[in-house]
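See below for the structure under consideration.
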Amino acid sequence: MGIQEYFESDLRFYYAIGVFVMLVYVLGISLSALLDLAVIDHRLVPLTVGFFLFMFVYFISVSVQALEPDS
């Protein structure tokens, strides 16, 4: 299965975008911590929890959309 065939499904594409966004977020936070670009402390916890709750709802909505009958 080629990469183009893998992303021809809308559902797979949306999942891939969600995973990519999460990777970018985690990579950004990690690089900020490692390079001392930002102070990483307890103030970041609500932002991170909110982000992952948003991504959870995103994945749930994509899954529910897949269950809807085609029009």
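Residues in region 38-71 that are under 15 Å from ILE17 (Cβ atoms) and small (Gly, Ala, Ser): how many?
3
Pull out all pairs, ordered by first then second residue, where Cβ-Cβ is under 8 Å, the residues are six or more apart or on different chains, the first lies in region 14-38 and is surrounded by fewer than 11 Cβ atoms within 10 Å (Cβ to Cβ), and the second is in a helix (DSSP H, G or I).
Matching pairs, first to second residue: LEU37/LEU31.
Can you run down the residue pairs with Cβ atoms below 6 Å, 6 or more apart or on separate chains, where the first is in region 55-71 and within 22 Å of VAL24 (Cα to Cα) and the partner is at pLDDT below 90?
VAL62/TYR14
The values are calculated or read from the model by the stated rules, or taken from the named source; none is laboratory data. Quantities reported herein were computed from a predicted structural model and do not represent experimental measurements. Reconstructed Cβ throughout: ideal geometry from the backbone, glycine too, with neighbour counts over all protein chains shown.
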